[in-house]
Amino acid sequence: MMRISTSWLNDYVDISDENLRELADKITNAGVNVETVEEYNTPNLVVGQILEIEDHPDSDHLHVCKVDVKDEVLQVVCGAQNLKKNMMVIVSKVGCVLPGDFEIKKSTIRGVESCGMLCALSELGLEEDTPENHAKGIHELPADALIGTNPYNYLGLDDVIFNLDLNPNREADCTNHIGFAYETASVLGKGVEMPEIKSHPIDDSVKDELEVDVITDNCPMYNARKVKNVVIKESPDFIRERLTNCGMRSINNVVDISNYIMLEYGQPLHFFDADKLGQTILVRMAEKGEKIVTLDGVERSLTGEDIVITDGVKPICIAGVMGGANSGIDDNTKNVVIESAIFEPLCIRYTSKRLDLKSEASRRYEHGLNYEYTMEAIDRACYLLEKYADAEVLSDTITYDIVDKTPKIAEVTLSEINTLLGLDMTLDDVEDAFINLQFPFEVKGEKFIVTIPNRRNDVSIKEDLIEEVGRLYGYQHITSKMPSLAIKRGEYVGLVGLRKSISKRLRSLSLNETRTYTLISPEMDSKFGYDRKMSIPLLRPMSSDKSIVRQSIVASLLGVYEYNVARKVKDINVYEIANVYSNVDEEDTKLAILMSGDYISNVWQGVKVKVDFYVLKGIVSNLLDYLGYQGRYSFVPSSEISDMHPGATAVINVDNREIGFLGRVHPSVCKKEVYVLEISIMKLADKKTRPFKFKELNRYPSIVKDVAFVMEDKMSSSEVEKEIRRASGKLLSKIEVFDVYKGENVKEDEKSIAYSLTFEDETRTLTTEEVNDLFNKVIDEVCAKLKLRIRN
Amino acid sequence: MNEKVETLKKELKEKLEKISSLAELGAVKAEFLGKKGKITELSSMIKDLSPMEKKDFGKLLNEIKTFAEDLVQEKQELIETMIMNDKLESERIDVTLPGTTIKCGSPNMLEGMIEDLEELFLNMGYDVVEGPEVEKDLYNFELLNLPKGHPARDAQDTFYLKDDELLLRSQTSPVQIRTMLANEGKSHIRIICPGKTYRRDDDDATHSHQFTQMEGLLIDEGISLADLKGTFDVIAKHLFGQDVETRFRSSFYPFTEPSVELDVSCFNCGNKGCSICKNTGWITVGGAGMVHPKVLANCGYDPEKVSGFAFGFGVERLAMLKYGVTDVRTFYLNDLRNNSDRKDV
């Protein structure tokens, strides 16, 4: 954010006739964002004059005044003790809203009508509301204040402030009033007037009193001048007000001048107390471990990356960042050495970042300076010190200068401009733009050869010039059109399409999509140890709860579960698809599902499908079938996955390769029944599917036979199914489980599972006898092989 | 004889009036029209009559038969209707009780917004491409004209995983770089790349360390800012209605030149000024520009031959504007009570 004082701006570009809000809009539209316009102006708050004062008939401290506010004379009841006849005062009329949403209304105070209020500064929010300030009574304005006008004009608050929200490319030229004046002038088509810099030097030359040496490449320019016998005092009003309005604190006239020039030219200056400094300035890189106590009293340790100003021996200033306590201006300073220099932006950037010392000065060094202003600013400082600090200016400037001053030239043609912008500008239009920008140029045919001013370090190539022309000419002149390209429908590339299909199906199966953070805590990262790899920690996390890049989504979904349970949401059926990372930069795309509570319900009807392992298994089966993996996947019990229930968890295989797991969360992690799943979409996508092909239904009838086997409790149904399939051969087309039973005729550690077997042949009608024979053979073989018996 | 017939008619009528069930009706029907029914028996009298009388009697007999059958049929229909009505009454339900809830799941609002935009772009021929979130500094910054130490990097305070090398991408632009490099300067490009991005921001109502961008890139011969304007018009109208106007405002991005802010006229107040547009009448919804020649050259395209535009939207911002969400954390809290089952989310 940069605060521009428009009254200050008016020194360099004439904006006295401009509507400042409209001007702000124009500048914003041209590319420098004036985010807000700050203006002191309260409706119904005016200058008034007290015509008469009478005591209130029913009070010993109130007064009844007649106050002239230009259009009318108001009767106002007031309790202040400093009222005088003819006094110029601040009047808030009926309808005026003061700080704290205090609206002035017509009222009756002890029987006397009062149509407004006479104000103290505290009531306007301009002073603290202390007993001392309260005792001062109402504020008296100067006798020449104009009745009926805005009272802020007489409080030094008539300045309108533009708050700039700058893009990084304009930091260099728009963080000072002269640079912003050029921008304003280009929008208005006006000229810029530069400030006065001529002082009246005495005969003594700085060259006899100071020696400057630069022994680093990181300081391309170093100028030094000297002034003597300064008188340290308060700054003149205009400097104080302007600094305050731009958000800087006024210290004393000398220090203020350095800040004033920084806000004027964008060139930070450093003032040394010449008597503390001695006769030598040596600019060099710091030595590793070298120490300096900075102005703020803190001892700082330096590195070989920092530029320091030294007195030949010890550092007296961290260049561009902060001065040393041993050389600064104080109330007794008489003689001042002024530094106006350019330092390598990257060095300043690293140093200020490392030391966490960001300042108005470092900000400007970092974005690069205009060497022309580096030289002018030091003269301007002498001028102001002479004028406002009674300084005697020594003649000459010591200059170290290796700046490359080759003019920056770029070329652009009219057709290049029109082609890139899609505009139809004429040569004259482009000429006008460069004239308004005050970019010197030559025209050759339709080619513009443009010299880029040093103040605009953001402009260097053809396209930059095109942008400058375009933004000044106005993008509102562009006529929309569509790119003329071959018509095609776009495609999802890579895994995106598969992800969309998965989402589509899961949503239609009632699962809600969530979006949780990629960065998680170490505790979350330690959960659900399935397929663990090395996790990736952040180098400098902002907090430990977001310090690791997750390699699994399940812990995040558990967070969603807990959040919702705490808010009395009982049925939680969610999924998320996200990229996860491990082993430095290994990427996977995973799908996680969490289900708990009821899947389908209608309470008053008593209809309910409670989520259990089989609901989740049904969902993932549905999904895999939908995606084309029917018959290619299986579920294998797994009791090894940490934080999962050892007896209610399985891994999922597709074509016998594991792609993930599902099951119940371990009761020690979640007391309630919560089921989760996580699969690798990348591993799934490795298994290709065939396009759908229509298959004729079998024209020959099928025969269905049912059988119930009694088996040990721990035997899995899939083992039995596998054996049934083997024994049946190719005539068996389908097996379905239709009952699982424990109880009568089944021992404590046994269970009975009933299967329904469908037999058919695509080439003929099967006979009852052959199916019966086969069925009996299957029963015998399965019972014999697996040691089962039939339940009757 | 006539008398007898009339008596039978009367008797039948009276009996039918008294009954109310199909069983009773069956009995009455048998009594009169059965094999030994009263009307059937009348016909036995015919043999005793003269041929002249026989003719008249036959007529009379037919008449009473038809009369009786009609009457029974009528009564049967009446009873059946009555039975149906009773049945329907007994099956009456309270239709105001709640229906069985069969919900579809909802997309996360951000994903819903992305899918909506993807659909639009797919139809305009853009491919949807994604890229890694753990990204190289080279792709996230360097090739995008953001060398190390560039001040514009400040605006994207980044989570590093390995100093100067590996980071969580701070923008989706590296997907553009990867796509251009993969094409080796050979063919034109039309892509959008939605995805997660990360910056070192403290989470509050308007900041999120994780957020979502959707960028687009189009490269071909002779592409201009006017093509970008036309494309943006389509997007803006799709998102905020056919009445919105669009505006370019000059801006800065290191990877585009010229760069613009994408503004739409405030859909809330119709350009008059309100709290959403901060009284400006305009809302900035994204950033864009013509691909910087250095970026083109970095990725194997000749800036003298082709040009292109790139644009980017903050998906959270779009969703906040479109759905009226005021706290960005809403998208990441996943409070299921917020889920709407609407087609337009």
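The values are calculated or read from the model by the stated rules, or taken from the named source; none is laboratory data. Remember, predicted model here, so these are calculated numbers, not experimental data. No Cβ is skipped: glycine too gets one built from the backbone with ideal geometry, and neighbour counts run over all protein chains shown. All accessible areas refer to the heavy atoms of the entire protein, side chains included, with ligands and DNA or RNA removed. Shrake-Rupley method; radii C 1.70, N 1.55, O 1.52, S 1.80 Å.
Quick look at the values:
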read-out: The stretch A:703-790 - accessible surface per residue (Å², probe 1.4 Å); value: 59 Å²
read-out: Karplus-derived HN-Hα couplings along the stretch A:226-240 (A = 6.51, B = -1.76, C = 1.60, θ = phi - 60°), whole Hz, x at Gly and Pro; value: 9, 10, 10, 6, 6, 10, 7, 7, 6, 6, x, 3, 5, 5, 4
read-out: Chain B: angle of helix B:22-33 to the longest principal axis, Cα-based, in degrees nearest 10; value: 40 degrees
read-out: Expected-Rg normalisation [2.2 N^0.38 Å, Cα atoms] applied to the stretch A:45-154; value: 0.99
read-out: Tail weight of P(r) past 21 Å, computed on alpha-carbon pairs of the stretch A:703-790, percent; value: 29 percent
read-out: Mean accessible surface per residue for the stretch B:109-338, computed with a 1.4 Å probe while every protein chain stays in place, in Å²; value: 34 Å²
read-out: Ellipticity estimate at 222 nm from DSSP helix runs (n ≥ 4, -39,500 (n - 2.57)) divided over chain A, nearest 500; value: -7500 deg cm²/dmol
read-out: Hypothetical label at residue A:784: residues of the stretch A:722-765 whose amide nitrogen lies under 17 Å (7 Å Cα-Cβ projection); value: A:723-729
read-out: Ordering of A:215-222, A:342-349 by packing [mean C-beta count within 10 Å, highest first]; value: A:342-349, A:215-222
read-out: Diffusion constant of the stretch A:496-686 at 4 °C, which comes from Stokes-Einstein with the Kirkwood Cα-pair radius and 1.567 mPa s, µm²/s; value: 76 µm²/s
read-out: Mean accessible surface per residue for the stretch A:202-401, computed with a 1.4 Å probe while every protein chain stays in place, in Å²; value: 39 Å²
read-out: Separation of alpha-carbon centers, the stretch A:270-299 and the stretch A:697-741, rounded to whole Å; value: 90 Å
read-out: Fraction in percent of alpha-carbon pairs per bin - 20 Å, the protein assembly as shown; value: 9, 26, 27, 19, 10, 6, 3, 1, 0
read-out: Mean projected area (nm²) of the alpha-carbon convex hull when the stretch A:178-241 is viewed from all directions; value: 8.3 nm²
read-out: For the stretch A:117-250, convex hull volume per residue from C-alpha positions, Å³; value: 270 Å³
read-out: Share of carbon and sulfur in the accessible heavy-atom surface of the stretch A:408-473 [1.4 Å probe, %]; value: 48 percent
read-out: Gaussian network model of chain B, Cα within-10 Å springs - most flexible of B:304, B:221, B:17; value: B:17
read-out: Residue A:512 long-range amide H proximity, modeled H, under 5 Å; value: A:573, A:574, A:575, B:106
read-out: Radius 12 Å from Cβ of residue B:218, net charge of other residues (Lys, Arg +1; Asp, Glu -1); value: -4
read-out: Solvent-accessible area, 1.4 Å probe, carbon plus sulfur percent, for the stretch A:202-401; value: 46 percent
read-out: Net charge, residue B:231 excluded, C-beta distance under 12 Å - Lys, Arg +1, Asp, Glu -1; value: +2
read-out: Under-5 Å amide H pairs with residue B:251, H placed in peptide plane, nonlocal only; value: B:259, B:260, B:261
read-out: Whole-percent carbon and sulfur share, accessible surface of the stretch B:63-221, 1.4 Å; value: 50 percent
read-out: Helix axis angle, A:345-354 relative to chain A longest principal axis, alpha carbon, degrees; value: 70 degrees
read-out: Antiparallel DSSP beta bridges within the protein assembly as shown, percent to nearest 5; value: 95 percent
read-out: Cysteines in chain B lacking a second Cys C-beta under 4.7 Å; value: B:104, B:193, B:299
read-out: In order through the stretch A:458-469: 3J(HN,Hα) via Karplus (6.51 cos²θ - 1.76 cosθ + 1.60), integer Hz, x for Gly, Pro; value: 8, 9, 8, 10, 3, 5, 5, 5, 4, 5, 4, 5
read-out: Table column - 3J(HN,Hα) (Hz), the stretch A:181-198, Karplus curve with 6.51, -1.76, 1.60, x for Gly and Pro; value: 5, 4, 5, 4, 4, 5, 6, 8, x, 10, x, 10, 10, 8, x, 6, 10, 8
read-out: Under 12 Å from the Cα of residue B:272 - aspartates and glutamates, other chains or at least 8 residues apart; value: none
read-out: Values of log10 I(q)/I(0), in the order q = 0.09, 0.12, 0.14 Å⁻¹, for the stretch A:202-401 under a Debye, Cα-only, solvent-free model; value: -0.29, -0.54, -0.75
read-out: Debye log10 I(q)/I(0) for the stretch A:64-110, one point scatterer per Cα, at q = 0.13, 0.20, 0.27, 0.32 Å⁻¹; value: -0.33, -0.79, -1.26, -1.36
read-out: Euclidean distance between Cα centres, the stretch A:167-233 to the stretch A:371-421, Å; value: 7 Å
read-out: Ranked order, B:52, B:84, A:1 - accessible area, probe 1.4 Å, largest first; value: B:52, A:1, B:84
read-out: Semi-axis lengths (Å, descending) of the ellipsoid that matches the C-alpha gyration tensor of the stretch A:486-577; value: 28, 21, 12
read-out: Filter on A:288/A:358; A:608/A:671; A:288/A:546 - keep pairs with C-alpha separation over 24 Å; value: A:288/A:546
read-out: Tilt relative to chain A, helix A:427-437 - C-alpha long axis, 0 to 90 degrees, to 10; value: 70 degrees
read-out: Simple spin-label estimate for residue A:636 and residue A:390 in nanometres, 7 Å along Cα-Cβ; value: 9.6 nm
read-out: Expected 222 nm ellipticity per residue - DSSP helices of 4 or more, -39500 (n - 2.57), all of chain B, to 500; value: -12500 deg cm²/dmol
read-out: Debye log10 I(q)/I(0) at q = 0.09, 0.14 Å⁻¹ for chain B, Cα point scatterers; value: -0.60, -1.12
read-out: Flagged links, alpha-carbon separation over 28 Å, of B:9/B:87; A:672/A:734; A:408/A:447; A:70/A:106; B:36/B:75; value: B:9/B:87; A:672/A:734
read-out: Threshold 30 Å² - residues in the stretch A:479-493 whose accessible area is reduced by that much or more when the chain is no longer isolated, probe 1.4 Å; value: A:480, A:481, A:482, A:483, A:485, A:488, A:489, A:490, A:491, A:492, A:493
read-out: Evaluated over the stretch B:215-345, the Cα radius of gyration and Dmax, each in Å; value: 17.1, 55
read-out: GNM flexibility winner over chain B from B:212, B:96, B:284 (Cα, springs under 10 Å); value: B:96
read-out: Relative packing of A:777-790, A:258-271, which averages over residues the other C-beta atoms within 10 Å, highest first; value: A:258-271, A:777-790
read-out: Accessible area buried at the A-B interface, both sides summed, 1.4 Å probe (Å², nearest 100); value: 7500 Å²
